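**Student:** Dropping a structure here in structure tokens format, bear with me for questions.
The values are calculated or read from the model by the stated rules, or taken from the named source; none is laboratory data. It should be emphasised that the depicted structure is a prediction, and the values quoted were computed from it without experimental measurement. Cβ atoms come from the backbone with ideal geometry, glycine included; neighbour counts cover every protein chain shown. All accessible areas refer to the heavy atoms of the entire protein, side chains included, with ligands and DNA or RNA removed. Shrake-Rupley method; radii C 1.70, N 1.55, O 1.52, S 1.80 Å.
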Amino acid sequence: MARVSQEHLDARRRQILDGAALCFARNGFHAASMQDVLKEVGLSAGAVYRYFRGKEELIEAIVSEVLDEIRGIFEAAAEQSPPPPPHVLVGKVLGDVLDLKPGLTDGAKSYYPRLMIQVWTETLRNDGLSAILQEGYVQVRAAWVRVVEGYQKAGMMRSDVPADHVARTMIALAQGFAAQYALFDDVAVEMLQDGLRALVSMDLPS
């Protein structure tokens, strides 16, 4: 019997993860059954269980992957030098998030934010995944604190507000937009960029 190459094994595992992610994004982790997943990926139960022992293990793999992908995007955005203005930086992050997993779509709309919400919910019931989320958030926040410090040193932002507070707020903007995108229609990255640009340009009375 011919040996199956590692490339083939990796491609099959990728097929299962991508199909399951679409199924879970559409129906939720716990409403979707393994039969739903098998139908989505077009494989037999034996083929899927060769890679994942059950739905919980499949969920954990997807959650870990999503958290890692999101962390990578946030950290990469923070490495730009000099840092772009906040509306550009946050818009770049959100654009990259929506471009993740081209097959995870409903027509022209990305399902990735829907999957993100499922992931956040799952971390509330799974201590191991919650620890991964916490660790990733600490790393992302540290990277964005450096961005804010860059703004402050360049005189682009007031320096009497702790950089950590600003970083948390910028991350929250990105997270909030992802939730809006998942929940509502007619939501575009450009809307958030316009609103953020207007907010940071406010002339407050002294």
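**Student:** For SER64 and PHE184, what is the calculated FRET efficiency with R₀ set at 35 Å and r taken between the beta-carbons, to the nearest 0.05?
**Tutor:** Working: r = 28 Å, r/R0 = 0.80.
Plugging the Cβ-Cβ distance into 1/(1 + (r/R0)^6) gives 0.80.
**Student:** Normalised by the empirical 2.2 N^0.38 Å for globular proteins, what value does the Cα Rg of the range 56-126 take?
**Tutor:** Its radius of gyration relative to the 2.2 N^0.38 Å reference: 1.23.
**Student:** Using 0.36 nm per residue, how much length does the chain from TYR49 to ASP96 gain when fully extended, once their Cα-Cα distance is taken away? List each step's numbers first, then the result.
**Tutor:** Numbers: separation 47, 0.36 × 47 = 16.92 nm, distance 3.18 nm.
Gain on stretching TYR49 to ASP96: 13.7 nm.
**Student:** Within the P(r) computed for the range 87-206, what percentage of the Cα pairs occupies the region above 22 Å?
**Tutor:** Above the 22 Å cut-off, the range 87-206 has 43 percent of its Cα pairs.
**Student:** Specify the inter-centroid distance of the range 152-193 and the range 1-55, based on alpha-carbon positions, in whole Å.
**Tutor:** 35 Å
**Student:** Stokes-Einstein D for the range 153-206 at 10 °C, 1.306 mPa s, Kirkwood Rh over Cα pairs, in µm²/s? Please report the intermediate quantities before stating the final value.
**Tutor:** Values: Rh = 13.1 Å.
The Stokes-Einstein estimate is 122 µm²/s.
**Student:** Set the Förster radius R0 to 25 Å, insert the Cβ-Cβ distance between ASP10 and ASP127 as r into 1/(1 + (r/R0)^6), and round the FRET efficiency to 0.05.
**Tutor:** Details: r = 29 Å, r/R0 = 1.16.
Computed FRET efficiency for ASP10 and ASP127: 0.30.
**Student:** Could you pull out every one of the lysines with an alpha carbon less than 16 Å from that of LYS55, ignoring same-chain neighbours closer than 8 positions?
**Tutor:** In chain and number order, the partners are LYS39.
**Student:** How about LYS109: which aspartates and glutamates have a C-alpha closer than 12 Å to its C-alpha, ignoring those fewer than 8 places off in the same chain?
**Tutor:** In chain and number order, the partners are ASP99, ASP185, ASP186.
**Student:** Starting at the first residue of the range 79-88, write each ³J(HN,Hα) from the Karplus equation 6.51 cos²θ - 1.76 cosθ + 1.60 with θ = phi - 60°, in whole Hz, x for Gly and Pro.
**Tutor:** 8, 5, 9, x, x, x, x, x, 5, 6
**Student:** Using the Cα centre as the reference, give the magnitude of the dipole from point charges on the C-beta atoms of the chain (Lys, Arg: +1; Asp, Glu: -1; all else neutral), rounded to the nearest 20 debye.
**Tutor:** The calculated dipole for the chain is roughly 360 debye.
**Student:** Sticking with this structure for a sec: When the accessible area of the chain is split by element with a 1.4 Å probe, what percent falls to carbon and sulfur?
**Tutor:** Answer for the chain is 54 percent, counting heavy atoms of protein chains only.
**Student:** How much accessible area per residue does the range 1-81 have, in Å², with a 1.4 Å probe?
**Tutor:** Dividing the accessible area of the range 1-81 by its residue count gives 55 Å².
**Student:** How long are the three semi-axes of the equivalent ellipsoid of the range 32-161, in whole Å, if each is the root of 5 times an eigenvalue of the C-alpha gyration tensor, listed from largest down? Could you put the intermediate results ahead of the total?
**Tutor:** Working: eigenvalues 256, 57, 22 Å².
The three semi-axes for the range 32-161 are 36, 17, 11 Å.
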